[in-house]
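Participant: Take this structure first; my questions come after.
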Amino acid sequence: MKKIFIILTLLTSTSAFGQLPKSPLHTEITLSNRVFSTNSNLLHLEQTIRQSLKNNGGTLMYLQFAEPPNRPALLNSDIAIQEYLQHNTYSVYIKSLISLAQLQSAGIIGWQTVLPEDKISGYLKDGSNDLGNTVEVLISVIKTMPEATIAARLATHDLKLTAEQQWKQQGIWQVEVPLDYLVTLAKEDFIKFINPKFNPQKLNYEVQGFTNVHAAHQPLLMGGRNLNGAGVTIGVGDDTDPEHVDFIDRVRSFNPIIASQHGINTTGTAAGNGIKDERDKGAAPKASLVEDYFSQIISNGARYHQDFDMTIANNSYGNILANCAYAGTYDIYSQFTDQLTRDNPNLFNVFAAANDGTMSCNPYPTGYATVAGAFQCSKNVLTVGSLGKTRDITVPSSSTGPVKDGRLKPEITAVGHDVRSSTYNNGYEYLSGTSMASPNVAGAAALIVERYKNLFAGQNPKSALVKLLLMNGADDLGTPGPDFKYGYGIMNLGHSLNMLDSNRYFTNTINTNQEQTFTVSVPAGKAKAKIMLYWHDAAAAPLSTATLINDLDLTVTTPNATVALPLVLDATPSQVLVAATPGIDRVNNVEQVVIDNPAAGTYTIKVKGFNVPEINQDYFVAFDFMDDTVALQHPIGGESFNA
């Protein structure tokens, strides 16, 4: 049946840049190390700035605004916004004296000083971590500060930048510092945050039929889509320069290491061609590949995206594992990756959740709150859990959420148990873990990109759309609706491609207090309707306990005028096993409304900008209809089997 939908956009009035309608404000700001209230005495602020500038070339402050600030006007007053915290409060760098009248005209309503302790990761302050006398750290500095200036400022402390600087394109620098000197270093006005530097670790501990990837491979005459990843480039960050007949002619490798079969297996799972054994073909067997050592696929991501059109990157590693204190932590690595996605909106990063699901992180039930900290906690990546080759084979080692700010991770699961793929000497081997689940999803994402390029004259899709289609296309597992173990469920590429082919998605841009409505027609006889809103959120400040910056709301009004709300989980330790219930979400940058047995008719989807301090937020909405029937996914014909 042909699906028909009509789009109607209703916008509230908007005014000039920096003059958007006000959002609800609170004066209490929660950081990872303390809670403070903003001070409304602007005369005292003027005096504090004056005193600070006597001792430094600039000063880092927290400023709260009545509404999203006019950034160009602030720069003219030598106020440079650095990072958003909460409740229209930002960290800013001030380089010159500012009068009381200027502060008032800028819309500033509150302020507070930045303490050195605010800038230091709790991991570095935790005495139980055996860090030694000297630690290698990442320091985040104020925007646009030249490298020579940073080096000169560090030299006054007898410190210097290390030779390796893989994160510097976002103002993040590597330095070796005596552990007992961190507070002194944090007093420097140009330093925003000090994070431990981690060395990434690999995550170790019939696939395609279960996730509907095999059907996408099949020829058109056999009901498939003839997709194989051709014309798409997948990046793989892992521990090995992979050599295997299945993909050797399609790899650009910048990885100097040959460490283990792990990297060979993940590469083959994503894009192996099954030359020696067709049963071991990867998800995107004709995709091009870019390989680099672990997180260098992220730090070099912008360059690989520009030079090689890398649109997907698989990341089967973690920075710090089996550590309850750091699990679920949003840090400088998370911030870097979120900003990378915002700066390169066609680049999609997929991460393995980790294999710490048997760990007990009190007060959570065993296995919960165990998703690896850092990259996996980025808002704009897709974090993947692991499952067996049937719905009945659970994988206890697969890490589960929530992450520390209460967000849903992982968002999706895929087969990661006993995955047979490429190994040494052009052979094949079984490996298990979320490391194997993640490249299954990355390869499937390549097929979505390929299909989009087929439909739209070679254009690459926005990665927000790719992530949305994968999440909303997943088959629900576990408790009804999203849950902290399986996310939105097991990947079903067929559903994702159906939404793309049927044009069951739309996109727009929104600001604070704007409302935009769209109507869709739901056919008769459907068992379920799933409507999902997703947006790539702005990168958050590592020192903030709340990482959601731009907050959008989704509602769906049924033909009988009932308003359906998105399903929301409770991240309280005692409630993580409880099924999601309809409500208001102030934590996640994804919301899903599920309507069981929907009546045929016209449904109204409404997106509202509850609070959008980083203005002009792009978003996507996708909708899917489920039939109450059994569909054969595998085999569908044309397969070959060994007797």
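The values are calculated or read from the model by the stated rules, or taken from the named source; none is laboratory data. Everything numeric here is computed off the predicted structure, so don't read it as measured data. When we count neighbours, we look across all protein chains shown, and the Cβ atoms used for this are built from the backbone with ideal geometry, even at glycine. Protein only, heavy atoms only, side chains kept; ligands, DNA and RNA dropped before computing areas. Shrake-Rupley method; radii C 1.70, N 1.55, O 1.52, S 1.80 Å.
Participant: How many angstrom lie between the Cα centre of segment 490-567 and the Cα centre of segment 134-155?
Facilitator: If you average the Cα positions of each part, the centres end up 41 Å apart.
Participant: Students often check this: by mean Cβ neighbours within 10 Å, which of 93-102, 340-349, 114-123 ranks highest, and how do the rest follow?
Facilitator: Output ranking for 93-102, 340-349, 114-123: 340-349, 114-123, 93-102.
Participant: Using each residue's phi in segment 270-276, evaluate 6.51 cos²θ - 1.76 cosθ + 1.60 at θ = phi - 60° and report the 3J(HN,Hα) Karplus result to the nearest Hz, with x for Gly and Pro.
Facilitator: Running phi through 6.51 cos²θ - 1.76 cosθ + 1.60 with θ = phi - 60° gives 6, 8, x, 9, x, 5, 7 Hz.
Participant: Considering only the other residues whose Cβ falls under 14 Å of the Cβ of Asp189, what net charge follows from Lys and Arg at +1 and Asp and Glu at -1?
Facilitator: Neighbour charge sum, excluding Asp189 itself: +4.
Participant: Give the residue list of trypsin sites (Lys or Arg not before Pro) in segment 256-338 that are DSSP loop and have at most 15 other beta-carbon atoms within 10 angstrom.
Facilitator: Of the trypsin sites (Lys or Arg not before Pro), the ones in loops of segment 256-338 whose Cβ has at most 15 other Cβ atoms within 10 Å are Lys276.
Participant: Report the Cα centroid-to-centroid distance between segment 70-131 and segment 159-207 in angstrom, as an integer.
Facilitator: About 21 Å separates the Cα centre of segment 70-131 from the one of segment 159-207.
Participant: Over all alpha-carbon pairs in the chain, figure out the percentage whose distance exceeds 40 Å.
Facilitator: 28 percent
Participant: Helix-derived [θ] at 222 nm for the chain: sum -39500 (n - 2.57) over DSSP H runs of at least 4, divide by residue count, nearest 500?
Facilitator: Calculated mean residue ellipticity at 222 nm is -5500 deg cm²/dmol.
Participant: Give the carbon-plus-sulfur fraction of the accessible surface of segment 34-126 in %, rounded to a whole number; probe 1.4 Å, heavy atoms of protein chains only.
Facilitator: Heavy-atom surface of segment 34-126 belonging to carbon and sulfur, 1.4 Å probe: 49 percent.
Participant: Can you order the peptides 140-150, 317-327, 588-598 by their average number of other Cβ atoms within 10 Å per residue, highest first?
Facilitator: In descending order of packing, they fall as 317-327, 588-598, 140-150.
Participant: Now a separate question. Along the Cα→Cβ direction, 7 angstrom out, place labels at Glu147 and Lys54. What is the inter-label distance in nm?
Facilitator: 3.8 nm
Participant: Plugging the Kirkwood radius over Cα pairs into Stokes-Einstein for segment 358-505, at a temperature of 25 °C and a viscosity of 0.890 mPa s, what D comes out in µm²/s?
Facilitator: D = 153 µm²/s.
Participant: Where Lys and Arg each count +1 and Asp and Glu each count -1, what net charge lies around Tyr452 among other residues with Cβ under 11 Å from its Cβ?
Facilitator: Once positives and negatives cancel, what remains is +1.
Participant: Of all accessible surface on segment 549-634 at a 1.4 Å probe, what whole percent is carbon and sulfur?
Facilitator: Carbon plus sulfur share of accessible area: 54 percent.
Participant: Might you tell me the accessible area per residue for segment 69-129, computed with a 1.4 Å probe and given in Å²?
Facilitator: That works out to 39 Å² for each residue.
Participant: So, with +1 on the Cβ of K and R and -1 on the Cβ of D and E, and no other charges, what is the size of the charge dipole of the chain about its Cα centre, to the nearest 20 debye?
Facilitator: Taking the Cα centre of the chain as origin, the dipole is about 1120 debye.
Participant: Now, a different point. Using a 1.4 angstrom probe on heavy atoms only, work out the carbon and sulfur share of the accessible area of segment 397-505 in %.
Facilitator: Result for segment 397-505: 45 percent of the exposed heavy-atom area is carbon or sulfur.
Participant: Among the GluC sites (Glu not before Pro) within segment 150-190, which fall in a DSSP loop and have no more than 12 other Cβ atoms within 10 Å of their own Cβ?
Facilitator: Glu164
Participant: While we're here: Filter the trypsin sites (Lys or Arg not before Pro) in segment 571-623 down to the DSSP loop ones having no more than 15 other Cβ atoms within 10 Å, then list what survives.
Facilitator: Passing both the DSSP loop test and the Cβ count: Arg586.
Participant: Run the lone-cysteine check on the chain: no other Cys C-beta under 4.7 Å from the residue's C-beta.
Facilitator: For the chain, the answer is Cys377, because their Cβ atoms have no other cysteine Cβ under 4.7 Å.
Participant: Additional query: Just how far, in whole angstrom, is segment 235-267 from segment 368-411 if you go by their alpha carbon centroids?
Facilitator: 25 Å
Participant: When N counts the residues of segment 490-590, how does its alpha-carbon radius of gyration compare numerically with 2.2 N^0.38 Å, as a ratio?
Facilitator: For segment 490-590, the normalised Cα radius of gyration is 1.27.
Participant: Quick one: net charge of Ile412's neighbours, Cβ under 13 Å, K/R +1, D/E -1?
Facilitator: -1
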